[in-house]
Amino acid sequence: MRIVLFEDSKYINFYPISRMRTVAKIRTGRYTQKERAEIELENPVHVHSEREGFGDCIEESKDILFLNARLLEFGALKDIEYGKGIVNKKGEIVAYRTDKILSTKEIEKLDITEGDFPTYEFIWDVILNLRERLSKDLNYANELGQLLSPINKFGQVEGRDKIYIGRNVKIESGVVLDASNGPIYIDDDSVVRSNTVIDGPAFIGKRCLIKPGSLIDTVSIGELSKLSGEIEESIFQEYSNKQHLGFLGHSFIGEWVNLGAGTTNSDLKNNYNSIRVNLSGREYNTGMQFLGLIIGDHSKTAINTSFNTGTIIGPFCNIFGRNFSPKYLPPFSWWGDELSEYKLDKAIDTAKKVMKRRNIEMDKLYEERIRQIFNKTKKLRKNCQ
């Protein structure tokens, strides 16, 4: 049996993070959705998307299990029978098993069963669910309790049996690792500089740098990210930098993002009301009391940039200026107290330089994806001007 995660039409609810990747590649705790499915199902997983240039080529096979990439759990659906489909309480297709990809109408002709299978509905649900998801992911890690690299003798450890430190990790003097409220996992080749406090649950991926005096609480940090300051209840995909002081809370940071010195967000309204957001021109009430910044790939902020609660910034944006940016900026926006368009070729050229600094060459498919996003979002930029 082959296993395929498929995107349904709600991938747009995961903008701006899903602009450059499928929902299956979004980090939702320690893992991306694809990684999670492979662990739960103990098999390789392919990804299907109707978006051109996204996902894998899915060929017909005798037996393919298709699972919705938005599912919170995958393991419970691994044994559905061939020729059957499953919908959740909302009537959304969460799984089916056939020999090929089917359209929605074709799936509805299968033997359909309804079940209680929760899904992520919006990108901010990933933030809302982070503490629970991260705790669960890390508590099931067999490595907890293993310290494969030494901790400086002037450091402090609380809950040693709930901590994993990988190979060639450097933990400097005065670092506090407190797993009282959740496990801490620091992967290979990472560095935690002096006088940093890490409160669990926390996952720090390979080759990350946490700079001196940082306060880290409930985070999932993808590979090769560099962080500093106060960061709580936030997710970094990979390859992103927040190397200076400033507060980041209840936020989601895409890949190749650089937050300038002093960049800070608010994640709580002064009246304590639930936070409303603008996503691609449509307003939503998130129902969340805490929600900060969601920023797409390759976006950058200047020094002392400030963001209001529930701000959504598309990929390939540059934000500078003396005032708060708008709470929504479409992809390829250049904001310096007024909006202009980031020129496509300049954006691609800068992205190539940034990626090359991490020894990654931009391939033609990645570049084509950038051009596709630029062309499809022209109307969004025009409506914001």
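The values are calculated or read from the model by the stated rules, or taken from the named source; none is laboratory data. A quick note: this is a predicted structure, and the numbers were derived from the prediction, not measured. All Cβ positions, even for glycine, are placed from backbone atoms using ideal geometry, and neighbour counts span all protein chains on display.
Condition first: at positive phi and modelled with pLDDT of 95 or more. Now tell me which residues in segment 328-358 satisfy that. Give the steps one after another, and end with the answer.
Kept after step one, since they are at positive phi, are these residues of segment 328-358: 332, 337.
The one that is at positive phi and modelled with pLDDT of 95 or more: 332.
Consider residue 319 carefully, then state whether it is assigned by TED's automatic domain parsing to the domain that holds residue 261, farther than 20 Å from residue 53 by Cβ, part of a strand (DSSP E or B) and among the hydrophobic types (A, V, I, L, M, F, W, C).
Numbers: assigned by TED's automatic domain parsing to the domain that holds residue 261: yes; farther than 20 Å from residue 53 by Cβ: yes; part of a strand (DSSP E or B): yes; among the hydrophobic types (A, V, I, L, M, F, W, C): yes.
For residue 319, the condition - assigned by TED's automatic domain parsing to the domain that holds residue 261, farther than 20 Å from residue 53 by Cβ, part of a strand (DSSP E or B) and among the hydrophobic types (A, V, I, L, M, F, W, C) - is met.
Of the conditions (1) more than 21 Å from the chain's Cα centre (by Cα); (2) part of a strand (DSSP E or B), residue 76 clears all except one; give me its number.
Checking residue 76 against (1) more than 21 Å from the chain's Cα centre (by Cα); (2) part of a strand (DSSP E or B), the one that fails is (2).
From the list 383, 359, which residue is surrounded by fewer than 16 Cβ atoms within 10 Å (Cβ to Cβ) and within 27 Å of residue 310 (Cβ to Cβ)? Spell out how you get there, then give the answer.
Details: 359 fails: within 27 Å of residue 310 (Cβ to Cβ).
Residue meeting the stated conditions: 383.
Conditions tested, residue by residue: (1) within 16 Å of the chain's Cα centre (by Cα); (2) not basic (Lys, Arg).
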{"site": "155", "(1), (2)": "no, yes"}
{"site": "162", "(1), (2)": "no, no"}
{"site": "170", "(1), (2)": "no, no"}
{"site": "211", "(1), (2)": "no, no"}
{"site": "217", "(1), (2)": "no, yes"}
{"site": "221", "(1), (2)": "yes, yes"}
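Just to verify a result, which residue in segment 98-138, among those that are free of Cβ contacts under 8 Å to residues at least 40 places away in the same chain and touching a Phe, Trp or Tyr at 6+ places or on another chain (Cβ under 8 Å), is surrounded by the most Cβ atoms within 10 Å (Cβ to Cβ)? I'd like the intermediate steps shown before the answer.
If we filter segment 98-138 for residues that are free of Cβ contacts under 8 Å to residues at least 40 places away in the same chain, which is where we start, we get 98-99, 102-116, 125, 132.
Now drop any that are not touching a Phe, Trp or Tyr at 6+ places or on another chain (Cβ under 8 Å), which leaves 98, 102, 107, 110.
Details: 98: 20, 102: 17, 107: 18, 110: 17.
So, considering only residues that are free of Cβ contacts under 8 Å to residues at least 40 places away in the same chain and touching a Phe, Trp or Tyr at 6+ places or on another chain (Cβ under 8 Å), the one surrounded by the most Cβ atoms within 10 Å (Cβ to Cβ) is 98.
Of all residues in segment 351-364, which are part of a helix (DSSP H, G or I) and either over 10 Å from residue 256 (Cβ atoms) or not β-branched (Val, Ile, Thr) (or both)?
Within segment 351-364, the subset part of a helix (DSSP H, G or I) is 351-356, 364.
351, 352, 353, 355, 356, 364 - these are the residues of segment 351-364 that are part of a helix (DSSP H, G or I) and either over 10 Å from residue 256 (Cβ atoms) or not β-branched (Val, Ile, Thr) (or both).
Considering only segment 248-264, I want to know if a residue exists there that is surrounded by fewer than 24 Cβ atoms within 10 Å (Cβ to Cβ) and among the hydroxyl-bearing types (Ser, Thr, Tyr).
Scanning segment 248-264, I find at least one residue that is surrounded by fewer than 24 Cβ atoms within 10 Å (Cβ to Cβ) and among the hydroxyl-bearing types (Ser, Thr, Tyr), so the answer is yes.
Might you let me know whether segment 289-306 holds any residue that is modelled with pLDDT of 95 or more, among the charged types (D, E, K, R) and in the same structural domain as residue 229 (by TED's automatic domain parsing)?
yes
Out of segment 163-180, which residues are without any contact (Cβ under 8 Å) to a residue 24 or more places away in the chain, assigned to a loop (DSSP other than H, G, I, E, B) and not charged (D, E, K, R)?
Once the filter is applied, which keeps residues that are without any contact (Cβ under 8 Å) to a residue 24 or more places away in the chain, assigned to a loop (DSSP other than H, G, I, E, B) and not charged (D, E, K, R), segment 163-180 yields 168, 169, 173, 174, 179, 180.
Sort through 90, 25, 10, 78 and tell me the only one that's under 23 Å from residue 279 (Cβ atoms), of a type outside the set (A, V, I, L, M, F, W, C) and modelled with pLDDT under 95.
Values: 25 fails: modelled with pLDDT under 95; 10 fails: modelled with pLDDT under 95; 78 fails: under 23 Å from residue 279 (Cβ atoms).
Only one candidate qualifies: 90.
For segment 322-334, what are the residues that are outside any strand (DSSP E or B) and touching a residue at least 40 places away in the same chain (Cβ under 8 Å)? Explain how you work it out, then say what you get.
Let us first name the residues in segment 322-334 that are outside any strand (DSSP E or B), namely 322-327, 330-332.
Answer for segment 322-334, where residues must be outside any strand (DSSP E or B) and touching a residue at least 40 places away in the same chain (Cβ under 8 Å): 326, 327, 330, 331, 332.
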